[in-house]
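Asks: To start, I am sharing the structure in question, which I have written as structure tokens.
The values are calculated or read from the model by the stated rules, or taken from the named source; none is laboratory data. Just so it is clear, the structure is predicted and the values come from calculations on it, not from any experiment. No Cβ is skipped: glycine too gets one built from the backbone with ideal geometry, and neighbour counts run over all protein chains shown. Each accessible area value is taken on the protein alone, full model and side chains, heavy atoms only, with ligands, DNA and RNA left out. Shrake-Rupley method; radii C 1.70, N 1.55, O 1.52, S 1.80 Å.
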Amino acid sequence: MRIPSIAAIMLRLAEDWRDAATLKRALFMRRRDFVLGALGTSALSYIKPGLALAQSKRPAIPYGAAIRDGAMVDDPFYPQAIIKYCQQVVGEGNLKWITLRPDRETFAFAEADALMAFADANGMEMRGHNLVWYAGNPDWVEAIGSAEEAKTELVHHIETVVGRYKGKIRSWDVINEPIADQPRAEAPYRDSIWLKHLGPDYLDLALRTTAAVDPEVQLVINDFDFEQPNDKTRARRKAFLDMVRGLQSRDVPLHAIGLQGHIQGELGIDKPGLTAFVAELAAMGLSVLVTELDVIDKMLPGPEIERDGIIAQRAKDYLDAIGAAKRPDAVLTWGITDKHTWVPVWFSRDDGLPNRPLPLDADYKPKPMMQVIEDFCAEQ
Ligand code: XIL
């Protein structure tokens, strides 16, 4: 096994490390440390040798999770779980403009670099999320005042960020959530500062610019609400397919669709509708990825066994419906443990019980959802 030299990683990244604790953890969490049990530091004594061996058999489809940088540093069990279960990682926020671009002049790469070093050191892929989004922008971006300024900033951002991770981040969510919440024929796209100034051309610009910077990168458009059994989902699928047809008719490069999979637990999955949607995308030559799976349990029954059972079933229906048309390139959940998840911020339960949207519970015990994912990803 080739172990990256600590000195090499430090040299490459030294100028950007702001956070000594992040550096320490990223460098210490090396696979060899797990295999050999060779840790000499008490801060890491919770680590049991052999976890990495559990990964020696890689699943047919890589599984990954969105990573919260704070938890990597503050919660020792968190990186341990990531190493145990994941073959991929993606920053939950560290590549968003709001984090990277506090002002027009700054690119704050420290956190994304730390995650990249962690991924490298543990034999994982890191996905990129995201380059263009209606949300998660700093005030100065929202204040962009002209098409020319929008174009200049967007191109500069993509060139700098994609350029930095060229050859390392091999799959980028270039565009995040472009479709309107309730798309109408005359207004299929979600409002954003980019749409406001550039119109739908911003889609072409972002994809073409990314491809020009790194021709090897997998170009992904990532979006949600494609699985609900209702008119809203049907309209969103249609708007999405129309958008892809438009891009292809203009020869805009695009390789894959990210199906986020923030499943609303109380609604069943429209399996035939989702399968047909993925089949259409596949027929257009596109790959699919499940990028942000979690099951929003705001409206589900309280008792844990019952709730976890429904959550696992929803995840299974979702994955099976996609897999029936095309096996995804990867399956990522949006977080890995109920201890660190975005869900309660937006979808807390009326009964005050903690949310349980993810494959591990708040004590890092695997729930039925984890088994569903492992079974799905293992299948050849
Ligand atoms: C969310 C993060 O999880 C939160 O921590 C953050 O405050 C807001 O963004 N779809 C996406 C993700 O594509 O980027 C969002 O992530 C969740 C919904």
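Asks: Kindly provide the set of residues from the stretch 79-120 that are in a loop (DSSP other than H, G, I, E, B), within 16 Å of the ligand (Cβ to nearest atom) and closer than 19 Å to ASN222 by Cβ, ordered by number.
Replies: Matches in the stretch 79-120: GLU92, GLY93, ASN94, LEU95, LYS96.
Asks: Still on this structure, please answer the following. Looking at the structure I just gave you, is MET243 more than 30 Å from ALA81 (Cα to Cα) and either touching a Cys at 6+ places or on another chain (Cβ under 7 Å) or surrounded by fewer than 15 Cβ atoms within 10 Å (Cβ to Cβ) (or both)?
Replies: no
Asks: From the list ILE296, ILE322, ILE257, ILE263, which residue is within 20 Å of the chain's Cα centre (by Cα), aliphatic (A, V, I, L, M), under 23 Å from THR210 (Cβ atoms) and open to solvent by less than 50 Å² (accessible area, probe 1.4 Å)?
Replies: ILE257
Asks: Residue check, ALA180 against (1) over 27 Å from ILE269 (Cα atoms); (2) touching a Lys or Arg at 6+ places or on another chain (Cβ under 8 Å); (3) aliphatic (A, V, I, L, M), all met but one. Which one?
Replies: With (1) over 27 Å from ILE269 (Cα atoms); (2) touching a Lys or Arg at 6+ places or on another chain (Cβ under 8 Å); (3) aliphatic (A, V, I, L, M) applied to ALA180, the lone miss is (1).
To keep it simple, each residue is scored yes or no on (1) more than 16 Å from the ligand (Cβ to nearest atom); (2) over 20 Å from ILE221 (Cβ atoms); (3) not hydroxyl-bearing (Ser, Thr, Tyr).
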residue: PHE277; (1), (2), (3): yes, no, yes
residue: GLU292; (1), (2), (3): no, no, yes
residue: PRO303; (1), (2), (3): yes, yes, yes
residue: ILE311; (1), (2), (3): yes, yes, yes
residue: VAL345; (1), (2), (3): no, yes, yes
residue: SER348; (1), (2), (3): no, yes, no
residue: ASN355; (1), (2), (3): no, yes, yes
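Asks: Condition first: charged (D, E, K, R) and either open to solvent by less than 30 Å² (accessible area, probe 1.4 Å) or within 19 Å of GLN182 (Cβ to Cβ) (or both). Now tell me which residues in the stretch 210-225 satisfy that.
Replies: Matches in the stretch 210-225: ASP214, ASP223, ASP225.
Asks: Could you list, in sequence order, the residues of the stretch 258-275 that are within 16 Å of the ligand (Cβ to nearest atom), touching a Lys or Arg at 6+ places or on another chain (Cβ under 7 Å) and part of a loop (DSSP other than H, G, I, E, B)?
Replies: Of everything in the stretch 258-275, just one residue is within 16 Å of the ligand (Cβ to nearest atom), touching a Lys or Arg at 6+ places or on another chain (Cβ under 7 Å) and part of a loop (DSSP other than H, G, I, E, B), namely GLY265.
Asks: Let me ask another. Identify all residues within the stretch 142-168 that are farther than 15 Å from ALA212 by Cα and either out of contact with any helix residue (DSSP H, G or I) (no Cβ under 6 Å at 6 or more places or on another chain) or aromatic (Phe, Trp, Tyr) (or both); write none if there are none.
Replies: ALA143, GLY145, SER146, GLU148, GLU149, LYS151, THR152, GLU153, LYS168
Asks: When the residues of the stretch 357-380 are narrowed to those that are assigned to a loop (DSSP other than H, G, I, E, B) and open to solvent by 60 Å² or more (accessible area, probe 1.4 Å), which ends up farthest from the ligand (Cβ to nearest atom)?
Replies: Here the answer is GLN380.
Asks: Still on this structure: Conditions first: (1) among the small types (Gly, Ala, Ser); (2) within 20 Å of the chain's Cα centre (by Cα); (3) buried (at least 18 other Cβ atoms within 10 Å of the Cβ). GLY167 passes all but one, so which condition is the exception?
Replies: (3)
Asks: Could I ask something else about it? Filter the stretch 244-267 down to residues that are more than 19 Å from ILE336 (Cβ to Cβ) and touching a Phe, Trp or Tyr at 6+ places or on another chain (Cβ under 6 Å), then give me how many there are.
Replies: 0
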